[in-house]
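Below you'll find the structure, written out as structure tokens, and then a few comments.
Values quoted throughout were computed directly from the atomic coordinates according to the rules given, and no laboratory measurement underlies them. Everything quoted here is computed from the prediction, not taken from an experiment. Heads up, the Cβs are rebuilt from the backbone with ideal geometry, glycines too, and the neighbour counts pull from every protein chain shown.
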Amino acid sequence: MEHTIQHHESGGEDAFFIEEQGRRLAELTYSRTNPLLVSVEHVEVDHALRGQGMARLLLDEVVRWARASGTKIIPLCSYAAAQFDRDPSIRDVRA
């Protein structure tokens, strides 16, 4: 099943997420430090979607967004930090 990743930025409720029937099933939250810097704070995936690569899909989407907007990312959550450490192809957006 294909899932659509949505993006919502509204001063404190900033996230990339997958929603189904009004319920968020996967979410990557971030906060903006300045116009070109964000901190990824948390990645969470509902049990129903675990093991399907949803967390990485969200991270890849935030990386695409960061590249397109010239934004750098500080990965504060352990999942995001581990992915940046393991995958050199996304480090260009790491602050």
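General observations
- Note that segment 1-69 shows a convex hull volume over its alpha carbon atoms of 88 Å³ per residue.
- Here the gap between LYS72 and SER10, fully extended at 0.36 nm per residue and compared with their Cα-Cα distance, gives a gain of 20.5 nm.
- Nitroxide proxy distance, nm - points 7 Å out along Cα→Cβ at ALA82 and ASP46: 2.3
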